[in-house]
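Below: one structure, written as structure tokens.
The values are calculated or read from the model by the stated rules, or taken from the named source; none is laboratory data. Values in this document were obtained by computation on a predicted structure and should not be read as measured data. Cβ atoms come from the backbone with ideal geometry, glycine included; neighbour counts cover every protein chain shown. Accessible surface areas use protein heavy atoms only, side chains included; no ligands, DNA or RNA. Shrake-Rupley method; radii C 1.70, N 1.55, O 1.52, S 1.80 Å.
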Amino acid sequence: MPDPLVSVTMGSISDLDVMIRSVRVLREFQIPYEVKVLSAHRSPDRVAEYASEASDRGIELFIAGAGGAAHLAGALAAHSPLPVIGVPLVASALAGLDALLATVQMPGGVPVATVGVGKSGAVNAAHLAARILALSDDEIDHRLGTDRARQAERVESQTEQLNSRLREEDLL
Ligand code: RP5
């Protein structure tokens, strides 16, 4: 297995059911990754150590998912110059709005690229990581192109399904 390029982190193992979607996309695009549980609040020293050593180990960017008072992505950004993609997760009575605001509202100069809340956010975090890596990697760029073509084909086939359903009811 080649050295990891992308670090996928999450605040708790309870985030895995959603964050596994990031991992699946990275695997699909054959992007080497590592996966860790790190908590901005429960293991802050470890977060600082991990973030500050990551670029020396060849990591090129972070994906960080957390719910509630979601400070993991921001803490990684504070301790590393690498790009950080934050995934706000649903983990409290506030249904992800808390995590969205905590992740997205970073102070100027310490960016976290924040994707949508939950499952689609986890998928898009890995797609965004792939797009960033594709700027300097032709193979990932090619795989992304193939994926985009597949998505377009899926939409086309849905139009065909739609038309045949409408024909069945004599609506077309
Ligand atoms: C956050 O608190 C984690 O990212 C998780 O989404 C949430 C709840 O964590 P657990 O109490 O389930 O470990 O830090």
Any chance the range 63-77 includes a residue that's open to solvent by less than 40 Å² (accessible area, probe 1.4 Å) and without any contact (Cβ under 8 Å) to a residue 24 or more places away in the chain? no
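Here are Pro4, Pro44: which of them is surrounded by fewer than 18 Cβ atoms within 10 Å (Cβ to Cβ) and at pLDDT 95 or above? Walk me through how you get there before you give the answer.
Details: Pro4 fails: surrounded by fewer than 18 Cβ atoms within 10 Å (Cβ to Cβ).
That would be Pro44, the only listed residue that is surrounded by fewer than 18 Cβ atoms within 10 Å (Cβ to Cβ) and at pLDDT 95 or above.
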Tell me, please, whether a residue that is crowded, with 23+ Cβ neighbours inside 10 Å and within 16 Å of the ligand (Cβ to nearest atom) can be found in the range 26-36. no
Looking at the range 132-140, can you tell me whether even one residue there is of a type in the set (A, V, I, L, M, F, W, C), touching a residue at least 12 places away in the same chain (Cβ under 8 Å) and open to solvent by 50 Å² or more (accessible area, probe 1.4 Å)? yes
Here is a list of conditions, (1) open to solvent by 80 Å² or more (accessible area, probe 1.4 Å); (2) away from the ligand (no atom under 16 Å from the Cβ), and Leu97 meets all of them except one; can you say which number that is? (2)
Going through the range 100-112 one residue at a time, which ones are surrounded by 19 or more Cβ atoms within 10 Å (Cβ to Cβ) and under 14 Å from Ala75 (Cα atoms)? Ala102, Thr103, Val112
Could you tell me which numbered condition Glu49 fails, if it satisfies all but one of (1) without any contact (Cβ under 8 Å) to a residue 40 or more places away in the chain; (2) closer than 26 Å to Lys119 by Cα? (2)
